[in-house]
Every structure is written in C-alpha cells, then in structure tokens.
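Everything below concerns the one structure shown next.
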Amino acid sequence: MIPVRRLNHAVLYVRDAATSARWYADVFGFEIVTEVPGTAAFLRARATDNHHDLGLFTVGGHAPGPEQGRVGLSHLALQVDTVDDLVAAKAELVARGAYTGESDHGASKSLDGLDPDGNEFEIMWAVPPEAWGDAARAAVVRRLDLDAEMARFGGTPGRPDADPTP
C-alpha cells in the first residue's frame, strides 16, 4: 500500500493554457505561479501551501472537448470554507455562464460548472460530520436548497481537510 496523504494537484489539457489560466485566476482567484508561453501554466489556490494546485497544458484550438461517458476525468472538486461562499460562487458562475447545476450530497453541498474548454468542476462546501445524517454511510444526491442551507449553516465553517465522500 502506498500511504497517500491527499491529492496534491490536477493537470488538465486545454485548448490554450494562457487563456484558461486567466479564466481560473479570474473566476477562482488562483495565482498564476508560472507560464511557459504557448505550452503550459501552473496555478495555486489562495489558501494552499502547494507549489501549484492546477497545471494546464495547451493542446491546440481545434482539439475536441471532453466527451460524456468517455473514460477519463469526470470533474475537479474545489472546496470553499462556508455556505455563504457557495452562494456567492453561484452568482459568479451564473454571471459568467459557467453554472450547470447544483446538488446536496448530505456530506457536502455542491455547485457544478464548466470551464471554457468544457472541463467539469464542482464547487463544494464540506458539511461538519455531526450533520451528515443519512449521508454518513450512503451516496446521497438530493436537490440543493441554498436558502435552507444558509438558514441552517450560514457562516459555519466546513471541515478544511474534509473528504466529502461518505
């Protein structure tokens, strides 16, 4: 067994690394650590101590986007600290035309979206374990009611090191 501590970073193939890097910086506040012109970009999330959390590699403007049902990456999950952050994220994604849906997984509350290349991402808030309920041992997917979650958890920090998979 290899004792993995956590996933350190993800790397995506994109049509243009520089364009995608700016999009991830604008939408998620990632810092662009370094760019290799025409080839790659490496970005770091604000609250991390990683050298980079996301790598982007250029494959060209005519490359097809991700295909549904194809073997490969499903999505990236990006965690926020509070339900309040999730509400603000929804407004940002809607304004940018990147919002595709939302769900309540019991152990996490999630928004879904697409980057400009069609890569899926999830913005999630990790519910404190004492509030998991039936999600503690089940794969729960329900309709998300952000107003109800704000009333219940507004301002409550989630688990910073959470694994939202029950």
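The values are calculated or read from the model by the stated rules, or taken from the named source; none is laboratory data. In this text the structure is predicted, and so the values were computed from the model without any measurement. No Cβ is skipped: glycine too gets one built from the backbone with ideal geometry, and neighbour counts run over all protein chains shown.
Here are some notes:
- Selection count where residues are surrounded by fewer than 16 Cβ atoms within 10 Å (Cβ to Cβ) and touching a residue at least 60 places away in the same chain (Cβ under 8 Å), scope segment 66-80: 1
- Candidates Thr34, Thr39: the one that is in contact with a Ser or Thr (Cβ under 7 Å, 6 or more places away or on another chain) and either surrounded by fewer than 19 Cβ atoms within 10 Å (Cβ to Cβ) or in contact (Cβ under 8 Å) with a residue 40 or more places away in the chain (or both) is Thr39.
- Any hit, segment 47-57, residues being small (Gly, Ala, Ser), touching a residue at least 40 places away in the same chain (Cβ under 8 Å) and not assigned by TED's automatic domain parsing to the domain that holds Arg137: yes
- Residue match in segment 143-160 (condition: under 26 Å from Asn8 (Cα atoms), touching a Pro at 6+ places or on another chain (Cβ under 7 Å) and either assigned to a helix (DSSP H, G or I) or not polar (S, T, N, Q) (or both)): yes
- Index of the failed condition, Glu122 passing every other in (1) more than 28 Å from Val59 (Cβ to Cβ); (2) surrounded by 18 or more Cβ atoms within 10 Å (Cβ to Cβ): (1)
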